[in-house]
Every structure is written in structure tokens, then in C-alpha cells.
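The structure appears below as C-alpha cells.
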Amino acid sequence: MDNSEKADPWSPINYKLHANFVPKLVEHSLITLLSPKPYERILDLGCGDGMLTYKIQESCKECIGIDKSQHMIEEAKLNGCKDVRVVDCEKLIEWANNEGFVGYFDSVFSNAALHWMKNQEAVIEGIAKCLKPGGRFVAELGGFGNVQSVEKSLISALDKRGYNGKDLSPWYFPSPEDYTQILSKYKFSVSNISHFSRPTELPTTISGWVETFGFSFLAPLEDNEKEIVKGEVEGMCRNGAFNSETDKWTLDYVRLRTVAQLSS
Ligand code: BEZ
């Protein structure tokens, strides 16, 4: 990993190749749930390559996409997003205060991003800060049990090499009960929260997925060791995840989807 990858490990090229299903799987259902209105100002939190931001901006007054990764924001601009910015979503309160976004948005939307933010309370408090009283929060993230096969395999491969694999995991996959508790603490009333399995066929391989999303686990390893670990993880997941008839890998995705409203 060179210095620029260390500073920003997200690769739009890998994302397009190994994970193009992420926005495609929800673009209809989740945007229908958000149902953007022409008078609304919407914040797309963790917008990534902007595929959904682009769709949302077509149907509302203003849509701002934010993401911690400079690489993904550059890609979002190339994908036609009008207003996308590099922001650390765990420091949303600071951003809202500094940039004049306190009580600015009618809705906050997020897909497949919140589970990368371990300080979830700071994020939810920040979302509450950015919303107008009575504003909506519509989100999908990885739920409890998400990608358990690959996460367990990565942890075991790292543990075996003397690292603490669990500590290297960057993900937070809450249960509906835990998430409702956090939302309630920051004055959201949860009108809907669902926790469901979505086994997902990968466009490439487990190795490709690990390369795209498992960078925190691979970071401490030498390049040759990274290849060995990816192979080991494929080996551990093969039984449950590989279909030799179709030559396809299917990962045990689990989602948590919620609609909540900030008190007025
Ligand atoms: C997810 O969308 O559930 C996910 C993506 C990458 C890593 C972990 C989870």
C-alpha cells in the first residue's frame, strides 16, 4: 500500500469492478422509500461514487453528497453529481456548524455507508443537527450478522498471524434493537426498521471483494502475505459461498433498513 492508498484506501476502479451491485440493488426500493420531493433539501451521507446522489438530485431542490473518501468524491463528480464534498461523517456536527448546515436539510439519506462508522452516536447526533425539526432519516446499512462468513475468515486469518483480527475490523453491524436505541437517544421516532437477509451474488470473487472492502485487514501485511490471506479467505468461504455449477460467489449480506423522523 503506498502513501496515497494509506490516506484513502478506496478505489473507484475496484468498486466498479467488484461491487457495482451496491447502488443497483437498492436504487428503486430505497429511493422510493425516500421519495424525494421537489421542495426538499437532501443530504446523501456516505455517497461514494454518487450513483444514488445523481438519481436523488434529479427529483429535489438540492442534494448534497458527502463522503470521507476523496477518490470516491472525484468519481461522484465524474458521474454528474452537482454538489459532492469530502466530509468525515463522524464529524458531522463540526461540519454543520462550520458550513452553515444546522437545521438545513429536510431529509438525510444513506445507503451502505453507515456501517463504516464505528462512532455511530456521533453520526446520528450529527444527522439530527443537520435536519430541520421533523426531518426524515431514510437509511440502509449492514445489519447484525452481515457478511459474517468473510469477516470471521478475515479475523481468523489475521489472528493466526499474531494480529488482533477483531480490532482490525472497521465495521459496525447493529441489531434493530441497538439501532432504535441510538436513534431514540437523539430524538428520532422510528416508524420502520427491518432486518433481513439479502444473499448477494458477486460480479467477481471473494478475493476481489476483500481487495475492495477488506483493506483494513490487509493493511498490516506485506504484499505477498496479502495474496496468501485472500486465498485463505476464499478457501474458508468456499463451502457456503461458491456455486461450482454457475462459477459464482454469493455473500451473506444482511441489511438493516430504517425510516425515522426527528422530533419537531
Ligand atoms: C455492506 O454493504 O454491507 C458492506 C460493504 C462492504 C463491507 C462490509 C459491508
- Meets criteria (within 14 Å of the ligand (Cβ to nearest atom) and either under 15 Å from the mean Cα position of the chain (by Cα) or open to solvent by less than 10 Å² (accessible area, probe 1.4 Å) (or both)) for residue 50: no
- Under 9 Å between Cβ atoms, at least 6 apart or on separate chains: pull out the pairs that start in the range 103-127 with a residue that is basic (Lys, Arg) and end on any residue that is within 16 Å of the ligand (Cβ to nearest atom). 118/170; 118/171; 118/172
- Item | Subset of the range 29-41 (residues that are within 16 Å of the ligand (Cβ to nearest atom) and free of Cβ contacts under 8 Å to residues at least 60 places away in the same chain) | 29
- Item | the range 234-264 - residue that is more than 22 Å from the chain's Cα centre (by Cα) and among the charged types (D, E, K, R) and, of those, nearest to residue 204 (Cα to Cα) | 248
- the range 7-23, subset hydrophobic (A, V, I, L, M, F, W, C) and not in a loop (DSSP other than H, G, I, E, B), residue most open to solvent (accessible area, probe 1.4 Å): 13
- Message: Here is a check on your reading of the model: is residue 26 assigned to a loop (DSSP other than H, G, I, E, B) and either under 13 Å from the mean Cα position of the chain (by Cα) or in contact (Cβ under 8 Å) with a residue 12 or more places away in the chain (or both)?
- Response: yes
- Give the residue, chosen from 148, 181, that is more than 26 Å from residue 12 (Cβ to Cβ) and within 13 Å of the ligand (Cβ to nearest atom). 148
- Within the range 73-123, tally of residues that are open to solvent by 20 Å² or more (accessible area, probe 1.4 Å) and of a type in the set (S, T, N, Q): 4
- Item | Test: residue 159 is closer than 19 Å to residue 117 by Cα, open to solvent by 30 Å² or more (accessible area, probe 1.4 Å) and more than 16 Å from the ligand (Cβ to nearest atom) | no
- Grab the helices (runs of 4 or more DSSP H) fully contained in the range 155-261, keeping just those with 3 or more residues being farther than 30 Å from residue 121 by Cβ, acidic (Asp, Glu) and at pLDDT 95 or above. 223-241
- Please work out which residue is least open to solvent (accessible area, probe 1.4 Å), limiting yourself to the range 211-233 and to residues that are among the charged types (D, E, K, R) and within 16 Å of the ligand (Cβ to nearest atom). 230
- Item | Positions within the range 162-209 being closer than 21 Å to residue 255 by Cα, open to solvent by 30 Å² or more (accessible area, probe 1.4 Å) and among the small types (Gly, Ala, Ser), in sequence order | 184, 189, 191, 194, 197
- Item | Qualifying positions in the range 235-260 - open to solvent by less than 30 Å² (accessible area, probe 1.4 Å) and out of contact with any Lys or Arg (no Cβ under 8 Å at 6 or more places or on another chain) | 237, 241, 249, 251, 256, 258
- Conditions (1) more than 16 Å from the ligand (Cβ to nearest atom); (2) farther than 21 Å from residue 45 by Cβ; (3) surrounded by 13 or more Cβ atoms within 10 Å (Cβ to Cβ) -> residue 129 fails only (2)
- Has the range 52-66 got any residue that is acidic (Asp, Glu) and free of Cβ contacts under 8 Å to residues at least 24 places away in the same chain? yes
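The values are calculated or read from the model by the stated rules, or taken from the named source; none is laboratory data. This one's a predicted model, so the numbers in the text were calculated from it and none came from an experiment. Neighbour counts run over all protein chains shown; Cβ positions are idealised from the backbone, glycine included. Please note that ligands, DNA and RNA were not included when accessible areas were found on the heavy atoms of the full protein model with its side chains. Shrake-Rupley method; radii C 1.70, N 1.55, O 1.52, S 1.80 Å.
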